[in-house]
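J.: Next up is a structure, given as structure tokens.
The values are calculated or read from the model by the stated rules, or taken from the named source; none is laboratory data. No experiment lies behind these values; they were computed from the predicted model shown. Cβ placement follows ideal geometry from the backbone for every residue including glycine, while neighbour counts extend to all protein chains displayed.
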């Protein structure tokens with residue numbers, strides 16, 4: 001009997017007996033899949049569906065968050081459905097350093113396991129730190145209860161500093177260590193770096209004119225995971241604020257960003273006026289000790305608009321224990337001061353990403369206040385006769 005006929009005969013026997021075909025991964029039903037994100041390659045059953053969002057970080061690059069999915073339904077030959085998933089996220093510009101990689105991997109495993117706790121999740125194998133194919137990773141195998149049946153999950157998470165990948169298989173117990181499964185897990189290769197894509201925040205994100213018309217901010221809304229909420233605004237006669245928050249899915253940390261404008265009771269605001277404003281309206285709101293030694297940097301931007309910058313440590317909010325730094329950047333003209341306030345961990349507060357966000361804000365105070373006063377100043381009453 002020829003080798004080809006023998007293979008077909010063995011395949012038929014396995015199918016008739018309802019058994020998994022041990023060499024199926026090497027056949028025509030599998031492929032070497034190149035992710036559309038260009039972040040990884042993997043050996044996986046054909047028919048992968050992939051979706052991702054691109055998030056602008058600079059005029060040259062975008063971060064990516066997405067997943068590639070494939071479901072393999074073996075019914076009616078066998079009562080088994082296998083789900084293959086490769087999820088990926090990238091940082092907002094501040095890479096995870098070597099000293100933090102092991103901690104981050106272990107923390108990710110903890111979070112993954114916690115998801116199954118209310119499903120009677122049981123850990124069968126866990127390895128907090130592995131080094132496979134030049135990649136830092138961790139791995140866990142667990143089982144959980146679903147519709148009266150025990151299901152098994154194997155997850156390997158990989159981290160290169162800028163990108164986290166979670167490689168997952170859900171199926172039966174004997175699927176977790178099969179030859180095909182080992183090929184699936186061991187074949188994945190990460191590619192480092194961000195996707196190159198020319199563009200601008202102003203062109204891709206909605207414009208948000210401030211209530212008084214002093215500035216226009218270009219900020220995304222409802223772009224999960226990086227910008228998960230709406231932009232909010234508040235105002236009164238001499239003050240306005242436009243606020244939002246960003247989220248780094250790899251660090252699992254928020255970055256809070258607010259833009260304020262103030263109208264001061266003088267026509268020619270000076271550096272010292274701005275420094276006093278920052279102290280009274282911002283710094284004293286966050287700190288309780290002396291601020292006499294706080295350093296203010298007096299600068300000018302490329303358009304010769306004067307700037308004041310400072311940064312300081314704070315006691316972080318209980319819910320955001322990592323948010324321990326505030327950075328202020330103010331620019332001013334005439335009687336108007338614009339203040340950028342950024343709060344979060346130091347590596348995000350000082351990131352290139354948030355610098356690019358601030359640079360996209362358009363400051364146009366003079367005509368805006370004339371228009372605002374014209375619209376909001378009541379007309380004088382006529383003299384009674």
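J.: Just checking, which of 215, 239 is surrounded by 20 or more Cβ atoms within 10 Å (Cβ to Cβ) and outside the structural domain of residue 80 (by TED's automatic domain parsing)?
T.: Working: 239 fails: surrounded by 20 or more Cβ atoms within 10 Å (Cβ to Cβ).
Being surrounded by 20 or more Cβ atoms within 10 Å (Cβ to Cβ) and outside the structural domain of residue 80 (by TED's automatic domain parsing) holds for just one of 215, 239, which is 215.
J.: Looking at the stretch 45-104 only, could you name the residues that are at pLDDT 95 or above, in a loop (DSSP other than H, G, I, E, B) and farther than 24 Å from residue 255 by Cβ?
T.: 46, 47, 48
J.: Does residue 169 qualify as being touching a helix residue (DSSP H, G or I) at 6+ places or on another chain (Cβ under 8 Å), assigned by TED's automatic domain parsing to the domain that holds residue 65, buried (at least 19 other Cβ atoms within 10 Å of the Cβ) and over 16 Å from residue 132 (Cα atoms)? Lay out the reasoning, then the answer.
T.: Details: touching a helix residue (DSSP H, G or I) at 6+ places or on another chain (Cβ under 8 Å): yes; assigned by TED's automatic domain parsing to the domain that holds residue 65: yes; buried (at least 19 other Cβ atoms within 10 Å of the Cβ): yes; over 16 Å from residue 132 (Cα atoms): yes.
Judged against the criteria, residue 169 is a match.
J.: Still on this structure: Being over 15 Å from the mean Cα position of the chain (by Cα) and outside any loop (DSSP other than H, G, I, E, B) is the filter here; which residues of the stretch 246-269 pass it?
T.: Passing the criteria: 258, 259, 260, 261, 262, 263.
J.: Now a separate question. What's the number of the condition residue 105 fails, among (1) over 29 Å from residue 223 (Cβ atoms); (2) buried (at least 19 other Cβ atoms within 10 Å of the Cβ)?
T.: (1)
J.: What residue, of 290, 321, is over 18 Å from residue 210 (Cα atoms) and modelled with pLDDT of 95 or more?
T.: Numbers: 290 fails: modelled with pLDDT of 95 or more.
Every option except 321 fails the conditions.
J.: Considering only the stretch 295-312, state which residues are surrounded by 10 or more Cβ atoms within 10 Å (Cβ to Cβ), at pLDDT 90 or above and part of a loop (DSSP other than H, G, I, E, B). Reasoning before the result, please.
T.: Initial filter on the stretch 295-312 (surrounded by 10 or more Cβ atoms within 10 Å (Cβ to Cβ)): 296-301, 305-312.
Pick out the ones that are also at pLDDT 90 or above and you get 296-299, 306-312.
Answer for the stretch 295-312, where residues must be surrounded by 10 or more Cβ atoms within 10 Å (Cβ to Cβ), at pLDDT 90 or above and part of a loop (DSSP other than H, G, I, E, B): just 296.
J.: If you go through the stretch 140-150 one residue at a time, do you hit one that is under 30 Å from residue 345 (Cβ atoms), in the same structural domain as residue 182 (by TED's automatic domain parsing) and free of Cβ contacts under 8 Å to residues at least 60 places away in the same chain? Give the steps one after another, and end with the answer.
T.: Here is the first cut: in the stretch 140-150, the residues under 30 Å from residue 345 (Cβ atoms) are 140.
Now restrict to residues that are in the same structural domain as residue 182 (by TED's automatic domain parsing): 140.
In the following step, the residues that additionally are free of Cβ contacts under 8 Å to residues at least 60 places away in the same chain were identified as 140.
So far as the stretch 140-150 goes, yes, one or more of its residues are under 30 Å from residue 345 (Cβ atoms), in the same structural domain as residue 182 (by TED's automatic domain parsing) and free of Cβ contacts under 8 Å to residues at least 60 places away in the same chain.
J.: Scan 225, 249, 209 and give me the residue that is modelled with pLDDT of 95 or more and over 30 Å from residue 117 (Cβ atoms).
T.: Details: 225 fails: over 30 Å from residue 117 (Cβ atoms); 249 fails: over 30 Å from residue 117 (Cβ atoms).
Criteria check complete, one pass: 209.
J.: Something else about it: Can you confirm whether residue 337 is surrounded by 16 or more Cβ atoms within 10 Å (Cβ to Cβ), in contact with a helix residue (DSSP H, G or I) (Cβ under 6 Å, 6 or more places away or on another chain) and more than 27 Å from residue 212 (Cα to Cα)? Can you show your working first?
T.: Values: surrounded by 16 or more Cβ atoms within 10 Å (Cβ to Cβ): yes; in contact with a helix residue (DSSP H, G or I) (Cβ under 6 Å, 6 or more places away or on another chain): yes; more than 27 Å from residue 212 (Cα to Cα): no.
So residue 337 fails the test.
J.: Which condition breaks for residue 264 when tested against (1) out of contact with any helix residue (DSSP H, G or I) (no Cβ under 9 Å at 6 or more places or on another chain); (2) over 26 Å from residue 353 (Cα atoms)?
T.: (1)
J.: Collect the residues in the stretch 151-197 that are without any contact (Cβ under 8 Å) to a residue 40 or more places away in the chain and in a strand (DSSP E or B), keeping them in residue-number order.
T.: 151, 152, 153, 154, 156, 158
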